[in-house]
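Encoded as structure tokens, the structure appears first; notes follow it.
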Amino acid sequence: MKVLVTGGAGYIGSHTCVLLLEAGHTVTVIDNLCNSSAIALARVQELAGRPLRFLQGDIRSRTDLSGAFEGGVDAVIHFAALKAVGESCDEPLRYFDTNIGGTIALMQAMETAGVSKLVFSSSATVYGQPDSVPVNEGAPLRVTNPYGRTKLVMEQLIQDWCAARPELSAVLLRYFNPVGAHPSGRIGEDPRGEPNNLMPCVAQVAVGHRSHLRVFGDDYATPDGTGIRDYLHVMDLAQAHLKALEYVGLHNGCEIFNLGAGHGHSVIELVRAFESASGRNIPMEIMKRRSGDVAELTADPSHANVRLGWSAERDLSMACADAWRWQKANPLGFTPDPE
Ligand code: NAD
Ligand code: UDP
């Protein structure tokens, strides 16, 4: 297939592009590099041994989008978005503009180009504080911050669009907690500034960029008191996008899938797994709870298991080993390779 990948230079997009190229798809990436590096795409091509077409552009620009659709597109995988919860509380309009405005512009460009297949990156954040875990796709949706609201609105816009156009086919993928890196250590998560997520913070302590990990709360109603999340290896997540692409090729309408391992790990379990993988000590300081956090959020991924034929195959120790290989080899993130 000819696949247009928005946000393909980012963390999840770059890992997905490797698998798309390896599977023989023709890939165009549109990314404005606001949270990523072109070096990631050079390494994607090196890993896959095949080229992709890269257009540095913004999904909110009609001109940039029409350039991206030149040469024909069979399906779109839409990763491009702003994703920091805290920042979305400080700058909600920027989030509405990029995430919602960008998605509307993309749907319009798809309609103009006659492209009917879409795979969309949503998030488990749409469940907010769930009544019970693991959560399935029918659980109530309760967003708790502007970032989450953009994901929910984008889901609804895509659903409305599909309802109006029976020829369309869309898959909304609700990711739980993506972690890890490509096993080569050549690409991985490279957060700009202070990372918010747990695994990059732990990796930065292990590599010596930070003195210790701040653990946000040890008084939750969980076995060791720390928060439990469903950590999913980014290579498993990338694989799910290939399954979703097959799915949109075969089904019309709009379908939602949770993507998670189906079980959780606490903060302390993740720290211990990272210590084993890295051989480094991760000092911890217990802080008060982070506002908006829930005690436990895990996926019921059975819908994806059955309908997409996908399940997570890599465990937390593998994710820690791969994240550590990436962090150790690239302590400053993406920097040019020596000549
Ligand atoms: P990322 O920031 O690494 O990748 C997003 C990419 O989109 C970046 O390369 C960025 O430069 C690009 N981008 C942003 N705005 C753009 C614009 N206006 N035009 C063109 N490109 C633009 O993030 P990621 O972790 O790879 O996340 C990918 C998607 O998955 C996002 O939609 C995110 O909300 C969603 N998601 C991520 C997580 C996670 O924990 N990483 C969890 C759930 C959902
Ligand atoms: N967490 C932590 N210290 C950090 C970052 C995160 O203790 O520096 C905890 C957080 O409170 C939650 C878990 O790690 O229980 C996962 O947090 P993350 O931000 O990675 O994912 P999310 O909260 O979005 O599920």
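Remarks
- When residues of segment 288-318 are limited to those that are farther than 30 Å from residue 89 by Cα and hydrophobic (A, V, I, L, M, F, W, C), the one surrounded by the most Cβ atoms within 10 Å (Cβ to Cβ): 304
- Within segment 1-92, helices (runs of 4 or more DSSP H) holding 3 or more residues that are without any contact (Cβ under 8 Å) to a residue 60 or more places away in the chain and either of a type in the set (A, V, I, L, M, F, W, C) or closer than 24 Å to residue 172 by Cα (or both): 11-22, 38-48, 62-69
- Taken over segment 131-150, the criterion of being more than 15 Å from ligand 1 (Cβ to nearest atom) and either touching a Cys at 6+ places or on another chain (Cβ under 6 Å) or of a type in the set (Val, Ile, Thr) (or both) is satisfied by 133 alone.
- Residue tally, condition of a type in the set (A, V, I, L, M, F, W, C) and touching a Cys at 6+ places or on another chain (Cβ under 7 Å), over segment 214-260: 1
- Among the residues making up segment 27-57, a single one is within 28 Å of residue 157 (Cβ to Cβ), touching a helix residue (DSSP H, G or I) at 6+ places or on another chain (Cβ under 6 Å) and surrounded by fewer than 19 Cβ atoms within 10 Å (Cβ to Cβ): 55.
- Number of positions in segment 179-193 that are surrounded by 23 or more Cβ atoms within 10 Å (Cβ to Cβ) and within 16 Å of ligand 2 (Cβ to nearest atom): 6
- Residues located in segment 133-161, provided they are modelled with pLDDT of 95 or more, polar (S, T, N, Q) and either in a loop (DSSP other than H, G, I, E, B) or crowded, with 20+ Cβ neighbours inside 10 Å (or both): 136, 150
- When 226, 222 are checked against the criterion of being away from ligand 1 (no atom under 16 Å from the Cβ), without any contact (Cβ under 8 Å) to a residue 60 or more places away in the chain and either surrounded by fewer than 15 Cβ atoms within 10 Å (Cβ to Cβ) or not aliphatic (A, V, I, L, M) (or both), a single residue qualifies: 226.
- Any hit, segment 200-211, residues being assigned to a loop (DSSP other than H, G, I, E, B) and either crowded, with 19+ Cβ neighbours inside 10 Å or out of contact with any Pro (no Cβ under 9 Å at 6 or more places or on another chain) (or both): yes
- So residue 166, is it at pLDDT 95 or above and out of contact with any Pro (no Cβ under 8 Å at 6 or more places or on another chain): yes
The values are calculated or read from the model by the stated rules, or taken from the named source; none is laboratory data. If you're wondering where the values come from, they're calculated on a predicted model, not measured in any experiment. With ideal geometry, Cβ positions are generated from the backbone for all residues, glycine too; neighbour counts draw on all protein chains shown.
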